[in-house]
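Shown next, in structure tokens, is the structure this report addresses.
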Amino acid sequence: MGAKPGWGKWGTWEETESYLGKVIGVAEGADAVEQGTIRRWMESKEFDCPIHLDDAAARAAGYKGVTAPDNMIFTYGLPAYWQSGDPHEQPGAEPRQIPIPVIFDVPAPCNLSFASNIDIEYFAPMYLGDRITRTSRLVSIKRKTLRVGDGAFLRQEDTYTNQHDEVVAIVNLDIFRFVAPDDKED
Amino acid sequence: MVDWSRQITLDDVVVGAEIPEISMPITLQRLVMEAGSNRDLSLIHHNREVAQSTGGADAYMNTFFIIGLFERMLREWMGTGGRLKKIGSLQMKSFNVVGDVVYCRGKVTGKQDDGTVNLDIRMENEERVTVTALAVVSLPLHMTA
């Protein structure tokens with residue numbers, strides 16, 4: 001069985017189940033925590049809290065130095081869209097999407113998806129020079145038929161750690177992957 | 001202009017009170033600036049045609065942007081001495097698209113003696129609530145000299 005083109009690796013539900021409880025992706029953040037990327041992240045949100053910009057202010061607030069905004073964890077955990085050794089993009093190539101392992105790397109008989117719920121817990125600050133690694137696990141699969149189509153809620157647990165193996169944050173992301181009724185082909 | 005020398009403590013927190021809101025007009029330039037800074041380069045967040053093919057009226061805000069604005073709202077309220085502990089049960093109700101003005105708002109729902117404060121937070125446009133979530137922060141118990 002196939003389906004119209006969409007996002008995500010195609011496969012059977014048996015293949016999906018075989019990934020349950022396993023690490024489905026490890027991403028090394030492309031950039032270390034540094035002041036320029038912090039400033040640009042804050043600029044677009046018109047945000048000026050000094051603990052993210054000024055060492056003395058950060059120390060006065062109880063930190064060891066300038067700390068990145070907590071939600072930059074997502075940014076510092078993203079791998080590069082291109083790096084040395086990767087092929088150069090050719091005309092007409094599919095655009096690169098944000099790499100979410102449960103959508104793109106876990107096979108399922110689905111070609112569409114949406115995020116339904118996100119939980120983020122913050123455990124440690126990020127300091128200048130830190131390097132962030134994201135380790136993703138598939139922790140649950142719940143088959144469901146919704147109005148949009150047949151599919152399953154897949155929960156991806158992302159553990160973000162720094163170079164000292166300290167857990168910085170844990171994110172649980174629920175994605176509903178499905179195939180629309182009209183897209184099914186035998 | 002935020003007065004970052006001001007610090008609230010647990011004693012200042014009133015359960016049931018709304019915290020100060022923030023707002024932002026969503027323009028395509030803003031979405032492009034945000035995509036460049038948070039690195040979510042998915043096309044739905046800066047390409048009108050692709051966004052419309054997924055049901056949006058125009059390019060729409062990405063999750064990192066929404067959560068980042070929630071962090072700004074919470075930080076401006078809790079001051080530099082507060083700590084963000086959790087944002088959870090975050091659910092997207094509808095798209096936040098180019099042309100919208102979005103408002104981040106929050107309401108205190110509980111506080112504990114250890115400094116923990118619970119809030120319901122939400123994003124709204126002029127017509128509806130577009131995102132809901134729960135937040136947990138930690139505040140200083142008392143002012144220190």
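The values are calculated or read from the model by the stated rules, or taken from the named source; none is laboratory data. Given the structure is predicted, the values throughout are model-derived calculations rather than measurements. Counting neighbours? That spans all protein chains shown, and the Cβs are built from the backbone with ideal geometry, glycine included. All accessible areas refer to the heavy atoms of the entire protein, side chains included, with ligands and DNA or RNA removed. Shrake-Rupley method; radii C 1.70, N 1.55, O 1.52, S 1.80 Å.
What share of the DSSP beta bridges in region B:98-145 is antiparallel, in percent to the nearest 5?
Numbers: 17 of 17 bridges.
For region B:98-145, the DSSP antiparallel bridge percentage is about 100.
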Length gained, B:Val14-B:Val2, 0.36 nm per residue minus C-alpha separation, equals 2.3 nm
Length-normalised contact order of chain B, Cα under 8 Å, at least 6 apart, in percent, tallies to 31
Once phi for every residue in region B:35-51 is put through the Karplus expression 6.51 cos²θ - 1.76 cosθ + 1.60 (θ = phi - 60°), the whole-Hz ³J(HN,Hα) values, with Gly and Pro written as x, are 4, x, 8, 9, 6, 8, 9, 4, 5, 4, 9, 8, 10, 4, 4, 5, 4
So, with points 7 Å from each Cα along the Cβ direction, the A:Glu34-A:Ser116 label distance in nm works out to 4.1
Expressed as a whole-number percentage, the relative contact order of region B:1-85 with C-alpha contacts under 8 angstrom and at least six residues apart is 34
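Could you work out the per residue convex hull volume over the alpha carbons of region A:21-118, in cubic angstrom? Let's see the in-between values first.
Numbers: hull volume 19.0 nm³, N = 98.
Convex hull of Cα atoms, per residue: 194 Å³.
What does the charge count around A:Ile98 come to, taking other residues whose C-beta lies under 14 Å from its C-beta (Lys +1, Arg +1, Asp -1, Glu -1)? Spell out each step's value before the answer.
Details: positive: A:Arg96, A:Arg134, B:Arg39; negative: A:Glu94, A:Asp105, A:Asp158, B:Glu34, B:Asp40.
Overall, the nearby charge balance is -2.
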Projected convex hull area of the protein assembly as shown, Cα atoms, direction-averaged, in nm², equals 18.4
Here D for region B:1-77, in µm²/s, from Stokes-Einstein with a Kirkwood Rh over Cα pairs at 10 °C and 1.306 mPa s, works out to 109
For chain B, longest principal axis from Cα atoms; helix B:63-78 axis from its Cα atoms; angle between them, nearest 10 degrees, is 30
Calculated from DSSP helices alone, with each H run of at least 4 adding -39500 (n - 2.57) and the total divided by the residues of chain B, [θ]222 nm to the nearest 500 comes to -7000 deg cm²/dmol
Short to long, in 5 Å steps from zero, the percent of alpha-carbon pairs of chain A per bin is 1, 7, 14, 16, 16, 14, 12, 9, 6, 3, 1, 0, 0
Taking a crude spin-label model, label points 7 Å out from Cα along the C-beta direction, the B:Thr116 to A:Glu15 distance in nm is 4.3
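For B:Thr27, what is the net charge nearby, where nearby means another residue's Cβ is under 13 Å from its Cβ and Lys, Arg count +1, Asp, Glu -1? All intermediate terms of the calculation are to be shown ahead of the outcome.
Working: positive: B:Arg30, B:Arg48; negative: A:Glu46, B:Glu34, B:Asp58, B:Asp100.
Taking every Cβ under 13 Å from that of B:Thr27, the sum is -2.
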Measuring from its Cα centre, region B:48-98 shows a charge dipole (+1 at each Lys and Arg Cβ, -1 at each Asp and Glu Cβ) which, in debye to the nearest 20, is 320
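For region B:61-145, calculate the relative contact order in percent as a whole number, restricting contacts to Cα pairs under 8 Å that are 6 or more residues apart.
Numbers: 140 pairs, mean separation 27.9, N = 85.
Taking the mean separation of contacting Cα pairs over the length of region B:61-145, I get 33 percent.
Can you tell me the accessible area per residue over chain A, all protein chains present, probe 1.4 angstrom, in square angstrom? Numbers along the way, then the final one.
Details: 9190 Å² over 186 residues.
Accessible surface, normalised per residue, equals 49 Å².
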Extend 7 Å from the Cα of A:Trp7 along its Cα-to-C-beta direction; within region A:21-38, residues with backbone N under 14 Å of that point are none
Per the rule of 0.36 nm per residue minus the C-alpha distance, extending A:Asp105 to A:Gln163 adds in nm 18.4 nm
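For region B:4-52, report the accessible area per residue in Å² (1.4 Å probe, heavy atoms, rounded to an integer).
Values: 2510 Å² over 49 residues.
About 51 Å² of surface per residue is accessible.
Which value, in square angstrom to the nearest 100, describes the accessible area buried between chains B and A on both sides, using a 1.4 angstrom probe?
Working: alone 8090 and 10830 Å², together 15710 Å².
The contact between A and B buries close to 3200 Å².
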At the level of C-alpha centres, the distance separating region A:106-170 and region A:72-90, in angstrom, is 18
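Dipole size in debye (nearest 20) for the protein assembly as shown around its Cα centre, Lys and Arg Cβ +1, Asp and Glu Cβ -1?
So the dipole magnitude of the protein assembly as shown works out to roughly 340 debye.
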In debye to the nearest 20, the charge dipole size for region A:45-186, taken about the Cα centre with +1 at each Lys and Arg Cβ and -1 at each Asp and Glu Cβ, equals 340
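Quick one: Cα convex hull volume of region B:43-145, Å³ per residue?
Roughly 103 Å³ of hull volume per residue.
What does the charge count around B:Lys111 come to, taking other residues whose C-beta lies under 12 Å from its C-beta (Lys +1, Arg +1, Asp -1, Glu -1)? Mind showing how you got there, number by number?
Working: positive: none; negative: B:Asp11, B:Asp12, B:Asp113, B:Asp114.
Summing Lys and Arg as +1 and Asp and Glu as -1 gives -4.
Carbon-plus-sulfur fraction of the accessible area of the protein assembly as shown, 1.4 Å probe, in percent? Intermediate results must be reported in sequence, preceding the final value.
On the way: 8010 of 15710 Å².
Ligands and nucleic acids excluded, carbon and sulfur reach 51 percent.
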